[in-house]
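Here is the structure we will look at, set down as structure tokens.
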Amino acid sequence: MTTTEITSIAAITPIVDDLAPRFTRLSDEIWAEPELRWEEHASMAKQISAAEEYGARITRAAGGVPTAFTAEWGSGSPVIGFLGEYDALASLSQEAGATERRPDPDSGSSAGHGCHHNLLGSGSLLAAVATAQHLAAAGLPGTVRYYGCPAEEGAAGKTFMVAGGAFEDVDAAVTNHPTPMASASQWKTLAYAQAYFRFRGLPSHAGANPQHGRSALDAAELMNVGVNFLREHMEDTDRIHYAFIDAGGPSANVVQPSAELYYIVRSPTVAKMRTLYERVVKVGQGAALMTETEIEIEFDGACAEVLPNLVLEQRMQANFEELGGVPFDDADQEYGRVLSAGLPDGAAESMKRMLGLPTDSPVYFDGVLPLAPPAHRQQMTGSTDVGDVSWVTPTVQMGAGTAIVGTPGHSWQMVAQGKTPAAHKGMVHGAKVMAATAIDLLTEPELLAAARAEFEEIIALTPYDKPLPDGLVPPSLRPTYRPA
Ligand SMILES: [Zn+2]
């Protein structure tokens, strides 16, 4: 760069600032009408109409996935993708800006945006529109494509989009996740698989003819007991969760002829996850054998662990450092301090320790974390379907600072902060970093080539281990589908 050239951050800042009010409103509107996985019809419609206002070409059902779409601008090569999400979580309705647990009085839904996907999707779309406007104004070639991705929460919508070929021509992808920490480092995530286990037995009078009954409920209970014993013999980073979908029925005097469980199995790689999943399947089969019931297993979905790309992270970090931390003001910090007093004991302290922050750092973190050396990255015990995109195209995911340090994920405190001025600032700030990084990829062929070279080298040694069985359609297209 010569001294007369202007940096990508400097170029994109006025464009993002100009667009910010529209996308802040979009985020608030999605926050106000939270929708669960596979049911994000209104949220998707709001996103599509915002993209159309800025001249996007829309493709619905991207990758064959309902409630997924793409919005595209420009033409030709390279193709840079932005990933956005908009699904919410059950049982988390919460009044915005409150400092105590209180359901949202204006919402007809019990759901809430406990993972700030309202900000995630609106921030990524804002970055995509800004990048497209910059490209058009400069008369530069290239395609900017925003991916509206449904069902990130407990369903891995992107994995189905990847399987459906939605990312085949993408040269690199950029995204964010709202978080208490502004960072360009990609933390390690877990691969997961989830499945329904349905047991079928024989009903009979539990008092008069118990010998003729075969209890599906017994099978489900034995499966859970068996899996609980399995927990002693798995790795520390592995996780297994379960829910009762069907416990038979309310009649205790009838041997229960049906029962259904839902299991989620997580492990650091797809291969390890698959091994653990197969052990859980054996426990289910054993429970059916013991109770002389039938078992039917429906594989529901899965996702891979995230593959980081250091070339992309280093550029994103440089852009982030040039822009600086999120400009939280005294009013933001004052609200944050009141909310912080009600966080679970030790939550803020342990997050500060993990990130190497001073104990007296402000409640809204207003700096930029240094890029974490890959060898020292924490293994997170959650998952994201960004993982599958990262195995088919070089992908970078930043943390956009939208919540106070120590805010637990999927909590009422997260929902309460989702439409505050501080959250809006974090979203807009993150959009500048994402857009600047995308502009660099669109205008510096050697940067994109380096990112792709790193990606190809890893893929040649360890190819994408697809976590979905061939031909598995998204849950919302199956005859067994029931909205969550
Ligand atoms: Zn999330």
Report P(r) for segment 34-79: all Cα-Cα distances, bin width 10 Å, range 0 to the bin holding the largest distance, values in whole percent.
26, 48, 22, 4
R0 = 30 Å: FRET efficiency of I297 with D345, Cβ-based, nearest 0.05?
0.15
For segment 188-270, what is Rg from Cα atoms divided by 2.2 N^0.38 Å, rounded to two decimals?
1.35
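Sort K158, K425 by Cβ crowding within 10 Å, fewest neighbours at the top.
Least crowded to most crowded, the residues run K425, K158.
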Rounded to a whole number of µm²/s, how large is the Stokes-Einstein D of segment 344-445 at 37 °C and 0.692 mPa s, given Rh as the Kirkwood radius over C-alpha pairs?
207
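With only Lys, Arg, Asp and Glu charged, each at its Cβ (+1 for the first two, -1 for the last two), find how big the charge dipole of the chain is about the Cα centre; round to the nearest 20 debye.
Details: 33 positive and 59 negative charges, 155 e Å.
The calculation lands at about 740 debye.
I need Y147, Y54 ordered by Cβ neighbour count within 10 Å, fewest first. Present the calculation step by step, with values, prior to reporting the outcome.
On the way: Y147 29, Y54 17.
Listed from fewest to most nearby Cβ atoms, that is Y54, Y147.
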Spin-label proximity, N253 to segment 205-232 - amide N less than 11 Å from point 7 Å beyond Cα toward beta carbon:
205-208
Dividing the alpha-carbon radius of gyration of the chain by 2.2 N^0.38 Å, where N counts its residues, gives 1.02
Please compute the length gained on full extension between A208 and A98, using 0.36 nm multiplied by the number of residues separating them and subtracting their Cα-Cα distance.
34.0 nm
Here the FRET efficiency for E457 versus E322, based on Cβ atoms and R0 = 30 Å and rounded to 0.05, is 0.60
When you count, for each residue, the other Cβ atoms within 10 Å and take the mean per peptide, how do 192-201, 242-251, 93-102, 210-219 rank with the highest first?
192-201, 210-219, 93-102, 242-251
Kindly put D388, D17 in sequence by how many other C-beta atoms sit within 10 Å of each C-beta, fewest to most.
D17, D388
Segment 285-396: mean projected area of Cα convex hull, nm²
12.2
Helix-derived [θ] at 222 nm for the chain: sum -39500 (n - 2.57) over DSSP H runs of at least 4, divide by residue count, nearest 500?
-12500 deg cm²/dmol
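A short reminder: the numbers here are calculations on the coordinates, not readings from a lab. These figures come from a predicted structure and were not determined experimentally. So basically every Cβ, Gly included, is an ideal-geometry build from the backbone, and we count neighbours across all protein chains shown.
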